1. Return the average number of partner chain Cβ atoms within 10 angstrom of each residue Cβ along peptide A:219-225.
2. Ratio of alpha-carbon Rg to the 2.2 N^0.38 Å globular estimate for the stretch A:414-455, to two decimals, please.
3. Could you order peptides A:45-58, A:21-34 by the average number of other Cβ atoms within 10 Å of their residues, highest first?
4. Evaluate the relative contact order of the stretch B:114-159 (contact order divided by residue number), counting alpha-carbon pairs under 8 angstrom at least 6 apart; express in whole percent.
5. Considering the Cα trace of the protein assembly as shown, what is its radius of gyration and what is Dmax, both in angstroms?
6. Under a point spin-label approximation (7 Å from Cα along Cα-to-Cβ), what is the B:Leu229-B:Ala182 distance to one decimal in nm?
7. What does the charge add up to near B:Glu81, with Lys and Arg as +1, Asp and Glu as -1, over the other residues with Cβ less than 14 Å from its Cβ?
8. Using 1/(1 + (r/R0)^6) with R0 = 25 angstrom and r between the beta carbons of B:Ser75 and B:Leu5, what's the FRET efficiency to the nearest 0.05?
Amino acid sequence: MATELTNRERMSIPRQTMPTQDALVRRANFDEVALGFTLELAQQEAARCLQCVKPHCVEGCPVGVLIPEFILALREGDMDGAVRAMKKKNNLPAICGRVCPQETQCEVKCVLAKKGKPVAIGRLERFVGDYELEHHVYPLERATPTGKRVAIVGCGPAGITCAADLGRLGHDVTIFESLHKPGGVLVYGIPEFRLPKSVVNCEIDYTAECLDIKMHPDAVIGRLYTIDELLNEQGFDVVFLGTGAGLPSFLRIPGINYNGVLSANEFLTRVNLMKGYLFPEYDTPIKVGQRVAVIGAGNVAMDSARCSLRLQALRAQETGGEVGEVHIVYRRSPVEVPARAEEVHHAEEEGVIFDFLTNPVEIYGDEHRNVCGMRCIRMELGEPDESGRRRPIPIAGSEFDMDVDMVIMALGTRPNPLVFNEAGGLERTKWGTVVADEETGRATKARVWAGGDVVTGAATVISAMGAGKRAAADIDRFLRGEVKPWTT
Amino acid sequence: MYKILHKETLSDVTKLVVVAAPEVARKAQAGQFVIVRVDEHGERIPLTIANYDREAGTITIIFQEVGKTTMHLGSLEPGSELATFTGPLGHPTEIENYGTIVCVGGGVGIAPLYPITRALKEAGNAVISIIGARNKELLFWEDEMRAVSDELIVCTDDGSYGRKALVTEPLKELLERDGEIARVWAIGPAIMMKFCALTTQPFGVKTIVSLNTIMIDGTGMCGGCRVQLAGGAKFVCVDGPEFDAHQVDWDLLMARLRFYLEEEKQAVEQWQHRCQLEVD
């Protein structure tokens with residue numbers, strides 16, 4: 001490829017689209033939807049980057065990936081250089097390239113975004129990440145061991161990132177994970193068709209192996225060890241809390257505990273972590289209704305709806321019966337939908353039905369206490385509320401019944417309080433999140449840092465990774481005796 | 001991985017397994033449970049801790065082979081390893097000196113009842129225990145229970161051993177005979193616990209049950225274990241597993257336990273088929 005294109009020529013190259021599985025095919029399997037760029041497509045897309053002197057895209061990235069550098073190397077055919085540039089700031093590019101909301105972070109700041117067609121930074125990131133997973137050209141290196149011991153609680157995006165950065169700096173890191181597999185929300189929450197588990201496992205295993213990070217699965221901190229025990233008995237110098245927001249919310253309406261009303265957490269964990277879609281090859285069963293209502297319209301709701309569709313399609317293939325229906329029931333309008341546009345688009349393509357301005361008021365059960373319907377009320381939008389979005393108000397007398405046999409609650413999650421058991425001095429907000437300094441991640445308890453959803457409430461993978469990164473930098477300063485943040 | 005060190009067959013369908021889990025044993029207390037996953041394809045199931053030995057670093061679990069996972073678990077011999085053994089989970093039993101108390105164990109529920117009874121006895125309570133099962137074959141740990149009780153009543157549904165009665169009969173008599181009973185613990189099948197609750201309710205004696213519901217993570221994440229109490233829903237894994245029996249919506253609880261009945265049946269059939277093939 002010619003390297004000396006003019007900016008005008010670069011801007012005339014169309015944004016490359018990534019091949020995807022056809023919607024009708026993919027709704028009957030759990031394979032990845034987006035198939036990734038070929039080298040040719042990736043270099044074509046990379047050629048669109050104008051290599052700005054002041055790259056705004058980098059400002060938009062929570063971990064400050066060296067975007068122009070990796071794109072330049074990629075288009076010059078220097079894949080090793082692209083990987084090196086990427087991994088200076090991002091330890092997990094194959095994951096971020098798939099799940100980051102680039103459209104509101106790096107890509108929105110791209111100068112080409114003004115014309116509506118920013119460089120597809122996320123897809124290029126994924127391409128480089130996948131190349132590295134396959135070729136391992138840039139193993140992370142560990143600095144001279146410092147002898148300092150770090151306990152990371154929670155092996156999700158925040159914990160892994162913090163662990164990797166501290167491992168690179170030579171500290172002795174142990175990750176405590178409550179489930180049997182590392183990855184947190186990446187393995188229990190995000191479905192296979194959006195983020196293949198082999199990608200997560202490879203990325204984490206490779207990182208842990210390179211940096212000699214010890215993994216302790218099946219460790220529920222707060223029960224097996226308290227934070228104080230980690231610090232005072234188990235010999236850890238510091239603790240980083242990256243336990244996420246794992247506690248589900250349920251509506252307070254009649255019928256909420258009937259069979260067939262599940263939290264999105266339970267539904268997705270059965271499907272993803274436990275591989276329920278492969279029952280009985282895997283032991284964990286999963287049921288899906290013939291008519292499913294998913295309550296909420298965030299990314300978790302889209303994931304639940306799209307898993308439901310797939311389970312319905314697989315069942316129909318097996319039994320020859322009707323496929324069924326999946327509804328997203330959301331009390332606000334399309335404008336307020338919190339999910340990524342791409343996820344909504346994919347869900348629509350696959351056949352999810354959206355019921356906006358609709359709110360459940362009661363769930364009906366049959367004589368076996370199984371869900372057999374849902375009463376809803378129509379909503380209208382009033383004045384903006386404290387979140388800045390227009391407040392949904394019920395329209396009196398507009399109640400109606402929906403024929404459903406399964407209801408999945410995807411209403412957001414809160415931090416799990418288990419880890420705070422006997423954690424004196426660790427201040428929390430009224431929402432149950434840990435009070436921690438935004439820049440450093442320092443908590444109010446000495447030698448404890450926190451970051452990710454446990455601090456912010458449910459947010460994104462990349463913002464949790466950013467928090468893990470900032471905390472790692474501050475923990476390193478502390479371990480080297482450069483800062484003394486707590487007087488006690 | 002967690003190695004099985006010892007195994008006992010308590011009845012045709014009841015097995016005892018001692019597992020090496022020193023970190024769990026270090027913290028385990030009466031009333032708590034563990035989540036077990038047999039192998040990489042396995043499901044996660046909760047099992048209440050039947051005993052623990054901090055020095056040896058072991059946890060004892062007792063289970064009835066009622067589903068694929070428990071059948072698989074029961075087929076393992078010492079030296080085998082379990083993929084997951086997470087705990088100790090849930091709140092420990094609130095052990096105090098209440099005065100005179102009654103501990104009722106039905107079937108495999110005798111197992112989790114034992115460490116609770118022992119702890120209550122050690123705390124100075126006068127302990128009357130009732131243990132029961134469908135028949136003699138299904139009874140176990142009579143001697144163990146006798147050793148930690150001031151009085152032990154044994155019954156079977158069919159009269160093949162001890163008194164021919166459901167556990168609720170002697171329970172009712174004790175409540176009528178002794179106005180001093182401060183508290184009752186009842187652990188066993190849901191239907192037994194329900195009827196123990198109905199038995200004690202007219203006497204106004206606080207009754208504690210330990211619930212074993214469907215759960216995945218055991219840490220409050222899935223909500224599959226939720227139970228409807230008079231004051232609202234609670235999670236068995238993090239709010240329990242012990243609850244005030246008089247607050248529990250038993251019919252909903254039992255309906256929820258039946259949700260995956262079809263799939264459980266299918267898994268058992270497949271397991272038995274596989275075992276048959278191995279025998280052939």
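1. Across A:219-225, the average partner-chain Cβ count within 10 Å equals 6.
2. Normalised Rg, Cα atoms only: 1.03.
3. Descending packing order for the listed peptides: A:45-58, A:21-34.
4. Numbers: 59 pairs, mean separation 21.4, N = 46.
Across the stretch B:114-159, relative contact order equals 46 percent.
5. Cα-based Rg and Dmax for the protein assembly as shown come out at 28.1, 99 Å.
6. Each label point is offset 7 Å from its Cα along the Cβ direction, giving 2.1 nm.
7. Numbers: positive: B:Lys3, B:Lys7, B:Arg37; negative: A:Asp218, B:Asp39, B:Glu40, B:Glu77.
Net of charged neighbours comes to -1.
8. 0.90
Read the figures in this text as sums done on the coordinates, not as results from a lab. Computed from a prediction, not measured in an experiment: that's the story for all the values here. So basically every Cβ, Gly included, is an ideal-geometry build from the backbone, and we count neighbours across all protein chains shown.
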